[in-house]
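The values are calculated or read from the model by the stated rules, or taken from the named source; none is laboratory data. Keep in mind that what you see is a predicted model, and the values were worked out from it rather than measured. Glycine gets a Cβ as well: all are built from the backbone with ideal geometry, and neighbour counts include every protein chain shown. The accessibility values were calculated without ligands, DNA or RNA, using every heavy atom of the protein model including side chains. Shrake-Rupley method; radii C 1.70, N 1.55, O 1.52, S 1.80 Å.
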Amino acid sequence: MATASVTIASGASWQEVAADRQRHRDATIASLNPPLPKLQTSDIPLDKTGVPSSILTAEELDITEKNVEDLISLLASGKWSAKKVVQAFMRRAALAQQLTNCVTELLPERALQRATELDDHLAATGQPIGPLHGIPISVKEHIGMKGYDLNAGFVAWVGRVGEEDALILQILWDAGAVFYVRSTQPQTLMHLETRSNLYGVTVNPRNTTLTAGGSSGGEGALVGLRGSILGIGTDIGGSIRSPAANNGVFGFKPTALRLPVSGWSATMAGSDHILGTIGPLSTSLEGVSLFVRTILQARPWLREPSLVPIPWKAGDQLEKVKGRKLRVGVIWDDKVVRPHPPIGAALSRVVAELKKSDEVEVVDWDCWKHDLSWKIIANLYFCDGAGEEKAAIDASGEPVLPMSKWILDNPHVRLHTIPTLWQAHEERQAYRTSYAALWNERDVDVILCPAGPGVAPKLETARYWGYTSQWNLLNYPAIIFPVGTKVGSPESTLGGHSSQAHEYPESYKPMSEADQYNYDLWKEHGIEGYAGAPVSLQLVGRMYEDEKLLSSLNTLLDITGLSKTC
């Protein structure tokens, strides 16, 4: 565990710092035994997901193709050792790095020492340490680890070191988890893509001309390639859900103040105008539920007192009205940006299946002022006029990246005074109150909606946040789930549910400047340009009804026949 010595503070240039961080990452990967072959990625198709089967051993594939719920019993019974499992995942994560550039470092020394401790404990006692005994978990870099670099995507911050593990990691460690890899994030942590001057661009394993999403894009690509089956991301505008949707995995943004965030690193650390959240990305819905359940059962509010003390509510504790159907509101578009045809097709197919069920009532959700929502949240993201973000970039002389410039210089950013900040808070609360009244009036249980304005965007084009940031402003929990199709694959045409059936009409007139931009992207690239991208949707619940949301998704997947794993 060597801390960074090549830093801006030591007199190095930003290019030298970045080169050193990449050398460090490569050294952690080179320490694997046996070593991975060096791939000539130029010879590999745009879809990289088939590569692991030609590189990894049969045993490594068997291990890494399991989901969290499968590994639990295999590890707890001792059929597979924690050491064997984490070794397989480190090799697959290293392979994912070669294919998508998603890793900041492997943690072989720490991971193997931890796995050995777990194996010795099981051998001595016959009992697992906890509910996550031996489960490998990947971690986004800005979530602090004791003794490890904590740069949050800024070159100038390289050399900062975590004083202790973030609280969420402490809880997962006590539950038996093994941390084995850290993942990439963008400059500023405020992109729906993942690019930094430290590590470059993280791409989508299904089509490397597309983004893996952001800001937890490293986690998205890792989980998408099964270099991880359970990872930790963060979200203040879509940063868990964008990568989950882009990579076709499950990703959950909980209600803020339910899961602990102490120990992460970011600018504006004391700001509470819009609260960030922390949550899981996983290859299974059960992986998501197990993660949240494990954290809440540890009563984190006793150690992070700002959290709301709501214990995990099991299925039999959820409020249910006898004889009431699950009422689902459906957003086809938010009246600001019409989603690309593959999203409309997926919504159409899912809704058609739901309407066949006697357990569900489906109603259209007419969106209310989602354009205003963006103005409010964008006005509250950087209340210092983005001064701290820009200072963190300028401190090293690193270039301001295009997606950083887009969000930091958006027209709603302002340097607030105390009175203008009070006014902005009033506007935020008024919007939340109006939306709550709307929900009360329509009396739905959950909202089914797009996860974004299309599938995984082309690199440097993810400029519409409204389908995710809407729920950050309202502080509603939301979960991404894959629908099992990808762009360009054979699709059912029954009932007109193909992408072609949802094409823009010839006479289409964009609803907004953002819609024009999104429309132009589809017209330029179309199905061929987005080929292979997974199609995902989003389910949203009311504030603090996180467990109800997860339970509702479980029900909807049963009804529609969609898979609970990916």
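Observations on the model:
- Among residues of the range 1-21, those that are within 20 Å of Phe179 (Cα to Cα) and out of contact with any strand residue (DSSP E or B) (no Cβ under 7 Å at 6 or more places or on another chain), counted: 2
- Taking the range 401-411 as the range and being in contact (Cβ under 8 Å) with a residue 24 or more places away in the chain and either closer than 22 Å to Leu198 by Cβ or assigned to a helix (DSSP H, G or I) (or both) as the test, the residues that pass are Leu401, Pro402, Met403, Ser404, Trp406, Ile407, Leu408.
- Some residue of the range 493-514 being free of Cβ contacts under 8 Å to residues at least 12 places away in the same chain, under 26 Å from Arg327 (Cβ atoms) and either surrounded by fewer than 23 Cβ atoms within 10 Å (Cβ to Cβ) or touching a Lys or Arg at 6+ places or on another chain (Cβ under 8 Å) (or both): yes
- The range 322-349, residues that are closer than 18 Å to Thr555 by Cβ and touching a residue at least 24 places away in the same chain (Cβ under 8 Å): Lys325, Leu326, Arg327, Val328, Gly329, Val330, Leu347, Arg349
- Residues of the range 260-286 that are under 22 Å from Pro186 (Cβ atoms), crowded, with 20+ Cβ neighbours inside 10 Å and hydrophobic (A, V, I, L, M, F, W, C): Val261, Trp264, Ala266, Ile274, Ile278, Leu281.
- Any chance Ile331 is open to solvent by less than 50 Å² (accessible area, probe 1.4 Å), more than 16 Å from Trp471 (Cβ to Cβ), at pLDDT 95 or above and touching a Phe, Trp or Tyr at 6+ places or on another chain (Cβ under 8 Å): no
- Gly220 passes every criterion in (1) over 11 Å from the mean Cα position of the chain (by Cα); (2) open to solvent by less than 10 Å² (accessible area, probe 1.4 Å) apart from (1).
- Residue that is farthest from Leu56 (Cα to Cα) [pool: residues in the range 17-45 that are in a loop (DSSP other than H, G, I, E, B) and modelled with pLDDT of 95 or more]: Ser31
- Selection status of Ala352, in a helix (DSSP H, G or I), open to solvent by less than 10 Å² (accessible area, probe 1.4 Å), more than 30 Å from Asp174 (Cβ to Cβ) and among the small types (Gly, Ala, Ser): no
- Subset of the range 350-393 [over 26 Å from the mean Cα position of the chain (by Cα), touching a residue at least 40 places away in the same chain (Cβ under 8 Å) and more than 21 Å from Leu448 (Cα to Cα)]: Asp384
Residue-wise test of (1) open to solvent by less than 10 Å² (accessible area, probe 1.4 Å); (2) more than 28 Å from Arg91 (Cβ to Cβ).
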{"residue": "Gln170", "(1), (2)": "no, no"}
{"residue": "Leu192", "(1), (2)": "no, yes"}
{"residue": "Gly200", "(1), (2)": "no, no"}
{"residue": "Pro205", "(1), (2)": "yes, no"}
{"residue": "Pro243", "(1), (2)": "yes, no"}
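- Every residue from the range 535-551 that is open to solvent by less than 10 Å² (accessible area, probe 1.4 Å) and either over 19 Å from Lys325 (Cβ atoms) or of a type outside the set (A, V, I, L, M, F, W, C) (or both): Val535, Ser536, Leu537, Gln538, Gly541, Asp546, Glu547
- Complete set of residues in the range 552-566 that are crowded, with 21+ Cβ neighbours inside 10 Å and either on the phi > 0 side of the Ramachandran plot or not aliphatic (A, V, I, L, M) (or both): Ser552, Cys566
- Selection within the range 120-160: residues that are free of Cβ contacts under 8 Å to residues at least 40 places away in the same chain and of a type in the set (D, E, K, R). The member of this set that is nearest to Lys66 (Cα to Cα) is Asp120.
- As for the range 255-263, it holds no residue that is hydroxyl-bearing (Ser, Thr, Tyr), within 30 Å of Gly484 (Cβ to Cβ) and outside any loop (DSSP other than H, G, I, E, B).
- Near pairs, Cβ below 9 angstrom, 6+ apart or cross-chain, from the range 11-38 (closer than 13 Å to Pro108 by Cβ and open to solvent by 70 Å² or more (accessible area, probe 1.4 Å)) to any residue that is β-branched (Val, Ile, Thr) and not in a loop (DSSP other than H, G, I, E, B): Pro35/Ile29
- Residue match in the range 358-380 (condition: under 23 Å from Gly217 (Cβ atoms), open to solvent by less than 30 Å² (accessible area, probe 1.4 Å) and in a helix (DSSP H, G or I)): yes
- The residue that is most open to solvent (accessible area, probe 1.4 Å), counting only those in the range 397-431 that are within 16 Å of Leu189 (Cβ to Cβ) and more than 24 Å from the chain's Cα centre (by Cα), is Val413.
- Qualifying positions in the range 423-439 - free of Cβ contacts under 8 Å to residues at least 24 places away in the same chain and farther than 17 Å from Pro477 by Cα: Gln423, Glu426, Gln429, Ala430, Ala437
- All positions within the range 382-391 that are touching a helix residue (DSSP H, G or I) at 6+ places or on another chain (Cβ under 8 Å) and either open to solvent by 10 Å² or more (accessible area, probe 1.4 Å) or in a strand (DSSP E or B) (or both): Cys383, Lys390
- Number of residues in the range 53-68 that are touching a helix residue (DSSP H, G or I) at 6+ places or on another chain (Cβ under 8 Å), more than 16 Å from Cys566 (Cα to Cα) and either modelled with pLDDT under 95 or not in a loop (DSSP other than H, G, I, E, B) (or both): the value is 4.
- Looking across the range 439-450, just one residue is surrounded by 14 or more Cβ atoms within 10 Å (Cβ to Cβ) and out of contact with any strand residue (DSSP E or B) (no Cβ under 7 Å at 6 or more places or on another chain), and that is Trp439.
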